[in-house]
Structure formats: structure tokens, C-alpha cells
Amino acid sequence: MNATATLTVTRAELEDFLFLEAALLDAWRLDEWLGLFDRDARYLVPAAGAPDDADPTTTLFYIADDHHRLTERIKRLNKPTAHAEFPHSRCRRLVSNVRLLGGTDQAFRATSNYLTYRSKMGETQTYFGHHLYEMCKVDDQLLITKKTTFIDADDIRDQNKVSIIL
Amino acid sequence: MASIKADPSAHRRVQGLVHEDPARGIFRVARRTFVEPDILVREQALIFDRCWLYLGHESEIAQPGDFLTRDVGGRTLLFVRAKDGVIRAFFNTCPHRGAMVCREKQGNAGMFRCFYHSWAFNLEGKLVNRPGDECYTTEAREAGHHDLVPVPQVDHYRGLYFVNFQRRSEPLVAYLAQAAEFIDLIMDQSEVGMEIVGGTQEYSIEANWKLLCENSFDGYHAVSTHATYLDYLQSRAGGLVKRNLSVGQAHDLGNGHAVIEYGAPWGRPIALAVPAWGVEGEAEVNAVKARLETRFDPARAERIACLNRNMVIFPNLVLNDIMAITVRTFFPAGPARNLVNAWTLAPKDESATMRERRLFNYLEFLGPGGFATPDDCEALALCQRGYANLSEAGWNDLSKGMLSPEPKIDDEVQMRVFWREWQRRIAEEG
């Protein structure tokens with residue numbers, strides 16, 4: 001069997017990576033978080049309740065960033081003029097149910113469930129759902145090539161908006 | 001809901017909430033209007049129970065049997081296309097005990113069955129089946145009490161469906177007044193029709209609903225609130241056209257409706273390309289523009305293709321034809337919270353690539369995850385919190401450009417149009 005066509009990544013390795021990702025976001029270390037993404041990566045958040053095969057080219061999402069727009073989103077969130085997140089909200093992300101869904105080290109898929117709390121000006125919102133990741137392992141480093149965050153609620157009336165990275 | 005007739009002093013209390021002094025160029029709105037539960041009761045009775053309210057677009061229920069459920073004006077409605085193609089709206093409540101007969105957001109059905117006692121209704125709202133039907137008298141059966149209750153008035157203009165909860169009112173087209181001409185500028189973008197693209201943004205803002213009316217066509221806040229969006233536009237190679245923001249005009253369209261129309265530096269998927277769309281994108285846009293020029297005079301073709309419009313149709317329908325088209329409506333859930341539904345509208349016959357560009361454009365500004373809307377939500381929530389001080393700081397100011405001979409889009413004429421109509425209606429005798 002060709003060694004490059006196998007998946008050597010373990011769940012423990014993946015969990016370490018996803019827990020680090022959550023920690024960077026909780027700490028608002030957004031530039032480092034962006035460093036976890038491949039240079040052609042995409043970051044997507046479909047409308048609440050969307051199916052896993054939702055397509056941003058034919059349906060209206062909340063967020064459908066290419067790498068450039070994601071970079072600009074991070075630049076924006078680092079500015080005091082990103083009013084919705086100034087001062088930065090307090091957030092805590094819980095990540096669980098991590099599963100490898102198959103593929104090879106060059107291209108594999110993974111999923112996790114999340115529960116994210118955001119608190120600002122005395123109000124707390126709760127986001128819950130699952131992430132689908134497309135990833136690769138390059139030079140022994142894991143990289144995200146596509147992250148899709150599904151909000152598994154009927155709508156986001158309770159959350160108001162999606163001004164943080166989930 | 002409390003009756004507005006119960007308290008005769010209530011009528012007196014809603015005089016002068018909008019204070020206008022044309023001689024001195026002053027226009028102010030009392031902050032009580034955003035806070036007091038009594039005012040929300042009057043808004044329900046005198047505005048939402050009386051005005052034409054947006055329900056949905058015909059493309060959302062394109063096939064016979066298609067339906068959707070939607071909350072409008074404090075009611076929960078069923079919007080359905082029957083087998084004969086006729087579109088109707090019903091109150092989504094069983095005539096028997098009141099349970100909602102349909103619990104799905106949308107779908108296709110041959111009938112609606114209330115699960116509580118299994119009464120079933122056809123797409124025309126008629127009771128067609130129930131257990132134990134033989135136990136009802138002929139009188140009970142034929143009194144007409146056992147069918148779904150239709151919304152008193154349903155009417156449409158260029159594919160947009162509206163409801164009115166009064167049995168009689170001025171017709172929709174008269175109510176729309178000159179707003180109809182501006183709806184035409186959107187609907188004329190395709191010869192085969194416009195459609196709502198799949199996907200609804202259902203979010204909320206912790207602020208009074210009228211603050212979102214103001215914000216939806218507020219040309220004054222763009223540069224300050226949306227600095228990060230404008231930074232983003234600059235960052236994208238070939239993402240801009242050479243057009244200045246804020247050159248434009250505001251128009252009073254009658255009946256409380258108003259619009260601002262202006263040039264802006266962003267691309268428009270109908271027919272204003274940015275360099276980033278490439279040769280292919282430009283060719284596509286040029287073909288659309290050329291076709292518009294054969295259908296309309298050059299000035300109108302230019303307006304449709306290149307100018308942007310933010311319109312509020314009183315009381316709560318926003319049609320913004322900007323970097324994409326957004327259809328947005330919202331209803332109060334208490335004085336300090338409103339529930340927003342937003343969709344995007346597009347030509348049915350545009351290419352898959354242009355549809356992709358349109359959706360990409362939409363999300364960079366609009367919606368709960370955009371580069372701009374979240375900051376609007378934050379601004380409105382901060383206004384609402386600031387009204388905690390209304391006993392001592394009781395008035396909003398909307399005087400900008402009050403005496404300008406030609407109001408600009410960053411003046412506040414469009415909000416004053418809204419507020420004059422709001423005051424007129426809210427001060428009516430119940």
C-alpha cells in the first residue's frame with residue numbers, strides 16, 4: 001500500500017489540534033488561529049438548521065469566506081471599529097464528540113460537536129451545533145482546508161447574530 | 001392584548017411624540033416611543049392591524065401544494081398555493097380547539113391535518129375529513145365554523161404578497177403609492193421574473209423595531225458604523241468601481257414610504273461589474289445592461305443597472321437593492337426586541353456564476369454574520385440601552401438637512417417621512 005494514501009492521524013492528535021483551536025479563539029488570539037488554516041482554506045457558516053450538504057453558491061448562508069475574506073474578517077475583529085465585538089465578548093468553547101471521518105493524510109474529514117458561550121454587557125448567548133472539517137497533514141502539521149460550522153438550532157433568535165468565530 | 005379604547009387619556013399621551021419645528025429646522029422624536037408598553041399596544045392596533053404587511057414572495061411557493069408558515073403582524077399564518085395555482089393565506093389555527101394545523105416551516109402538501117383530533121383541511125382551507133363527522137348536526141356542519149379562517153385580505157404586487165387584517169382598506173397598489181415605481185426598478189431586472197434564493201436569515205435585535213426602520217435607510221451612519229466594511233472593500237484587489245458613496249437623493253414616496261437612491265463603490269450583480277469579476281464577468285454584465293437598454297430608456301436602464309436603493313415600505317418592509325438585493329421584514333417581540341427575517345432576491349435567469357457572485361456580495365455586508373449588519377445590531381441595542389436615561393434625556397434628534405433644498409442620502413429626510421406617518425397613525429382615535 002502506498003504510504004501517502006493512508007490516514008496516520010489519530011483521534012488524540014486531532015483532539016489536541018481542535019482543543020488548541022478552541023483555546024486560541026477563547027483567548028482572542030485570532031492571528032494564530034488563522035495560522036491553523038491552509039492558504040486556500042474556506043470558512044463557512046450556513047443558516048441555522050441547514051443540512052450538511054448546504055451549498056453557499058446556491059443558498060444564503062451567514063458566512064461564506066474564502067481565505068482572503070477570512071483574513072479580512074480577522075483583521076476586522078482585531079479592530080476597535082468592529083463595534084459588535086468591542087470590547088471583545090467573553091467566550092468559552094466546549095468541543096466534544098470528535099470523530100475522524102476518513103480520507104488520507106493529504107485530505108481527510110473530521111467532525112466535532114460544539115457548545116459555545118458568549119457573554120457581553122450582561123447578556124449570554126449559547127451556540128450549539130457541529131463542525132465539519134476538511135484537513136490535511138503537511139510536514140507533520142495539521143492544517144484546516146475547509147471548516148463548516150453548522151448551528152443546530154431552528155434559527156438564531158436567541159443568539160441575535162454571529163459576530164464571533166464559532 | 002389590552003384595548004386601546006380602555007383608557008381615554010392614552011390618546012392624549014401619544015400626541016406630540018414627534019416634535020417638528022420647520023421654522024427652526026428641528027425634528028425630534030420622544031424616546032418613550034421605543035420603550036413604553038402602551039405605545040406598543042397602540043402600534044399593534046393602529047399600525048400592524050391596519051397596514052398592508054409583507055408576507056412572502058410568490059417564488060417561495062412556486063408549485064401547487066407548496067406552503068410555508070410565517071409569523072406576520074402578531075399572527076401565525078399559513079401561506080399556500082392550491083392545486084389550481086391560486087395563492088391564499090390562512091390563520092394557522094384549527095377551527096376546532098385552536099392548535100396550529102401546520103408545524104413545518106415549509107413544504108409541499110395535499111392537505112393539512114391538525115394532529116390533536118385529526119381534522120383535515122384541503123389547500124383551500126375547507127374541512128374535508130374528521131373522525132366522528134356523523135356526530136355533528138347539519139347546522140353545526142354547515143355554519144362555516146369548521147374551515148380554516150382566511151386572512152381577510154391578500155394582495156400582491158410584482159410577486160410580493162401582502163396581507164391586511166382589516167376586511168376593508170385602501171387597495172394595496174394605492175397603499176404602496178410611489179413605492180410601487182421603486183419596486184418596479186427591482187422586478188424589471190429580469191424578463192422572466194425574480195426569485196427568493198433558498199436560505200432565510202432569521203435573527204433578532206435587542207432594540208425597538210422602529211430603530212431598524214431608521215437604520216435600514218440611514219445614509220448618515222455608513223462611514224462611521226461601517227468603517228471596517230469600507231476597509232474590507234479597499235482590501236480586495238479589483239473589488240471596487242470608481243463611484244463615490246453618498247452622491248444621491250432621498251425621496252418621500254407617500255404613505256410613510258421613503259427611499260434613498262445613490263451611487264456606491266461596490267459591484268452590483270445585476271449590471272455593474274467590479275474588475276475582480278474578470279473579463280467574463282464584465283461581458284456577462286454588459287450583455288445584461290445592453291438588454292436593459294433595449295427594454296427601457298437609457299436613464300432608466302442606468303438606474304436599474306448601476307444605482308443603489310434603500311427603501312422602507314411603511315411600516316416594516318425593507319427592500320434594499322445594493323451589492324445584492326435584500327428583502328427584510330421584522331416585528332416587535334416587546335418594546336426592546338425585534339425579530340428579523342431576511343432573504344435575498346435574484347433574477348431567475350442569471351448564470352450560476354453570477355448567482356455565486358451575488359451571494360458572495362450579500363454576505364460581505366449583510367446579515368447576522370456579515371461585515372456590517374452585526375455592527376448595526378450593536379448600535380441599535382446601544383440606543384435601546386441608552387433609553388434607560390429617558391427621564392432626563394428624553395429626545396432623539398432627526399434634524400439633519402431639515403431645511404436643505406435638495407436632501408442628500410446622508411440627511412435624515414427619509415426617517416422624518418417614516419416618523420410623520422407613524423405619529424399620524426399612532427394618534428388616531430382607536
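Where a number appears in this text, it was derived from the coordinates with a stated rule and is not lab data. Because the structure is predicted, anything quoted here is derived from the model rather than measured. Note that each Cβ is placed from the backbone with ideal geometry, even for glycine, and that neighbours are counted across all protein chains shown.
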Going by amide H atoms built from the backbone, whose H comes under 5 Å of the H on A:ILE151, apart from near neighbours? A:GLY49, A:ALA50
Enumerate the calculated ³J(HN,Hα) couplings along the stretch A:115-123 in order (Karplus 6.51 cos²θ - 1.76 cosθ + 1.60, θ = phi - 60°), each rounded to whole Hz, writing x wherever the residue is Gly or Pro. 9, 10, 9, 10, 10, 7, 6, x, 10
Whether chain B is rounded, prolate or oblate, judged on the alpha carbon gyration tensor where a/c under 1.5 counts as rounded: oblate
Pseudo-spin-label distance A:ASN113 to A:ASP26, built 7 Å along Cα→Cβ, given in nm, is 1.9
Checking a compactness column here: for the stretch B:62-154, what do you get for Rg(Cα) / (2.2 N^0.38 Å), N being the number of residues? 1.05
Over the stretch B:177-392, what is the relative contact order in whole percent, taking alpha-carbon pairs under 8 Å and six or more residues apart? 30
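Which whole number gives the average count of other chain Cβ atoms within 10 Å of the Cβ atoms across peptide A:149-157?
Average per residue, whole number: 3.
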How many nm is it between the label spots at A:PHE128 and A:ASP66, if each spot is 7 Å from the Cα in line with the beta carbon? 3.7
If R0 is 60 Å, what FRET efficiency do you get for A:ARG39 and B:ARG167 from their C-beta distance, rounded to 0.05? 0.45
Past 26 Å, Cα to Cα, is the threshold; run B:LYS289/B:LYS348; A:LYS79/A:LYS161; B:LYS289/B:LYS400; A:LYS161/B:LYS105; B:LYS242/B:LYS348 against it and keep the listed order. B:LYS289/B:LYS400; B:LYS242/B:LYS348
For the Cα atoms of chain A, what angle does the longest principal axis make with the long axis of helix A:11-26, in degrees from 0 to 90, nearest 10? 20
Tilt, helix A:67-77 to longest principal axis of chain A (alpha-carbon atoms), in degrees rounded to tens, equals 40
Residue of B:LEU380, B:LEU53, B:LEU403 that the Gaussian network model of chain B assigns the largest fluctuation, springs spanning Cα pairs under 10 Å: B:LEU403
Reference-scaled alpha-carbon Rg (2.2 N^0.38 Å with N residues) for the protein assembly as shown: 1.03
A correct Stokes-Einstein calculation for the stretch B:199-310, using the alpha-carbon Kirkwood radius, 37 °C and 0.692 mPa s, returns a whole-number D in µm² s⁻¹ of 203
Residue with peak Gaussian network fluctuation, chain A [Cα springs, cutoff 10 Å], from A:LEU14, A:LEU77, A:LEU60: A:LEU60
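Determine the shielding of peptide B:204-215 by partner chains: average, over its residues, the number of Cβ atoms on other chains within 10 angstrom of each Cβ.
If you average over the peptide's residues, the count of other-chain Cβ atoms is 1.
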Select from B:LEU172, B:LEU317, B:LEU390 the residue whose mean-square fluctuation is largest in a Gaussian network model of chain B (Cα-Cα springs shorter than 10 Å). B:LEU390
With the 8 Å Cα cutoff and a minimum separation of six or more residues, chain A has a relative contact order in percent of 27
Sorted by chain and then number, the residues having a modelled amide H within less than 5 Å of the amide H of B:VAL128, at least 5 places away or on another chain, are B:ALA120, B:PHE121, B:ASN122
Mean Cα-pair separation over length for chain B, i.e. relative contact order, pairs under 8 Å, 6 or more apart, %: 21
For the protein assembly as shown, list the cysteines whose Cβ sits under 4.7 Å from no other cysteine Cβ? A:CYS91, A:CYS136, B:CYS51, B:CYS102, B:CYS135, B:CYS213, B:CYS306, B:CYS377, B:CYS383
